[in-house]
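Q: Just dropping this structure here.
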Amino acid sequence: MEMRFEYLIGVLVAHVQMFLDQVGAENFKYVLSERIKPGEKIILDLEKLVNIDNYGLDALLAMAQKALENQSLIKLAGVSADMQIVLDITKVYRVFDIYPTIEEAVASCQEEAK
C-alpha cells in the first residue's frame with residue numbers, strides 16, 4: 001500500500017491509495033503509526049480508495065485507537081458514496097469525523113485549535 005503525506009496548515013494529510021484490504025492493512029497501520037506524533041491532527045484522504053475490507057476497517061479503527069492514546073486526532077475526507085455505505089453499514093462512521101473535502105477537514109482542525 002502506498003501513501004503520500006503532506007502538511008497543510010500544520011495538519012498532516014495522508015493520501016491513501018486504491019485498496020485498504022488484507023494485503024495493505026498491516027502496511028497502512030505500520031506506516032501511519034510511524035507518522036503519528038503526540039497531539040498531531042491527521043486527515044486521511046480517502047478520495048482514491050476504491051476498496052476496503054474488514055482488515056482495512058480494523059486498520060482504521062486501530063489507528064483511531066492509537067491516535068486517542070497519543071492525544072492525536074484523525075479525520076476522514078473525500079469518502080466516496082460507495083465507501084460511505086461501507087462505513088455506515090459497519091458503523092465505523094461513529095469513530096471518525098468525515099468531511100467531503102480535505103480543505104473542510106483541515107478547516108475543522110483549525111477551528112478546534114482556537
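Q: Given the conditions (1) open to solvent by 20 Å² or more (accessible area, probe 1.4 Å); (2) closer than 16 Å to Val13 by Cβ, and given that Ala105 satisfies all but one, which numbered condition is not satisfied?
A: (1)
Q: State which residue pairs qualify: first residue of a type in the set (S, T, N, Q) and inside region 92-114, second residue loosely packed, with under 13 Cβ neighbours inside 10 Å in any location, beta carbons under 9 Å apart, and separation of 6 or more residues or different chains.
A: Hits for this filter: Gln110/Ile9; Gln110/Gly10.
Q: Continuing with the same structure: For region 1-21, which residues satisfy the criterion of being closer than 18 Å to Asp58 by Cα, hydrophobic (A, V, I, L, M, F, W, C) and in a strand (DSSP E or B)?
A: Listed by number, the residues that qualify are Met3, Ala14, Val16, Met18, Phe19, Leu20.
Q: Only one residue in Lys48, Lys75, Lys37 is among the charged types (D, E, K, R), closer than 17 Å to Val13 by Cα and open to solvent by less than 20 Å² (accessible area, probe 1.4 Å). Which one?
A: Lys75
Q: Restricting to region 15-58, give me the number of residues that are of a type in the set (A, V, I, L, M, F, W, C) and closer than 16 Å to Tyr93 by Cβ.
A: Matching residues across region 15-58 total 7.
The values are calculated or read from the model by the stated rules, or taken from the named source; none is laboratory data. Small disclaimer: the values here were computed from a predicted structure and weren't measured. Methodologically, a virtual Cβ is constructed for each residue, glycine included, from the backbone with ideal geometry; neighbour enumeration extends over all protein chains shown. With ligands, DNA and RNA removed, areas are computed over all heavy atoms of the protein, side chains included. Shrake-Rupley method; radii C 1.70, N 1.55, O 1.52, S 1.80 Å.
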